[in-house]
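Comments concern the structure below.
A short reminder: the numbers here are calculations on the coordinates, not readings from a lab. All figures in this text were calculated on a predicted structure; none of them were measured in a lab. When we count neighbours, we look across all protein chains shown, and the Cβ atoms used for this are built from the backbone with ideal geometry, even at glycine.
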Amino acid sequence: AIAAMAAIAGEFVEMQQLHQLASDAVAQATGAEAGFITASCASAITLAVAATLTGERLLAIERLPDTTGLKREVLVQLGHMVGYGASLEQTIAMTGARVVPVGTVSMARDYQLDQAITESTACAVFVVSHMTVQYAMLSLEQVCRICHAKGVPVIVDAASEYDLRGFLARGADLVVYSGHKFLGGPTSGIVAGSRALVQAAAL
């Protein structure tokens, strides 16, 4: 990674072309339809959530964090409301979205998630981390089943994970990773998943 950074440091780069090549590399590594590189995993969360609010509507993107007229509620199990130097809730709220907690800090049930989904729900965020509550929370498969039945996409925050394929295979629409930590690259974030949502995140 250091050698590749040094080799390109003195060159001019056409950023759209670079991002397309990076998308292809992320897709190949993850099995996703497309991918996008961000400045960090925290920014990857913010951009992934923003993508579910706006889609590819350019005026809506330009107006953020004004979410007037947009779906803006983001469902998160209360046991997944972690902090990593900043809080997950703030990272989501920077888009203009509002976090809707699901369940209690010690338990989340399927009906609680199902009945939290409204016409204002933009997405659900599922956190994979040793910092989350490790018992009595809904599994990723349960969250995807409930959300997808109502047309709600699911974003997985897998910042510290190195399983690049498993979460998409289990039903997630977008997965975000840290490009450093276990992957050993420079400070960066990775968004992988559905082509439409990745394109919206890139925009």
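Please label the shape of region 69-172 as rounded, prolate or oblate, based on the square roots a ≥ b ≥ c of the eigenvalues of the alpha-carbon gyration tensor (a/c under 1.5 means rounded; beyond that, a/b larger than b/c means prolate, else oblate). Here region 69-172 falls in the rounded category. Using R0 = 22 Å, the C-beta based FRET efficiency linking Arg57 and Asp24 works out to 0.30.
Modelled label positions at Ala7 and Gln134, each set 7 Å beyond Cα in the direction of Cβ, lie 4.1 nm from each other. Using the alpha-carbon atoms, what tilt in degrees (0 to 90, nearest 10) does helix 41-54 show relative to the longest principal axis of the chain? Here the helix axis deviates by roughly 70 degrees. In the chain, helical runs assigned H by DSSP with n ≥ 4 each contribute -39500 (n - 2.57); averaged across all residues and rounded to the nearest 500, the mean residue ellipticity at 222 nm is -10500 deg cm²/dmol.
In the elastic network of the chain, a GNM with C-alpha springs shorter than 10 Å, the most mobile of Gln90, Gln16, Gln134 is Gln16.
The shape of the chain can be summarised by an equivalent ellipsoid whose semi-axes, obtained from the alpha carbon gyration tensor, come to 28, 19, 15 Å from longest to shortest. Taking packing as the residue-averaged number of other Cβ atoms within 10 angstrom, the listed peptides 24-33, 185-194, 41-50 run from highest to lowest as 41-50, 185-194, 24-33. Positive-end ranking of Leu47, Leu75, Gln28 along the dipole of region 23-79, with charges on Cβ about the Cα centre, is headed by Leu75. Rounded to the nearest 20, the Cβ-based charge dipole of the chain about its Cα centre (Lys and Arg +1, Asp and Glu -1) stands at 300 debye.
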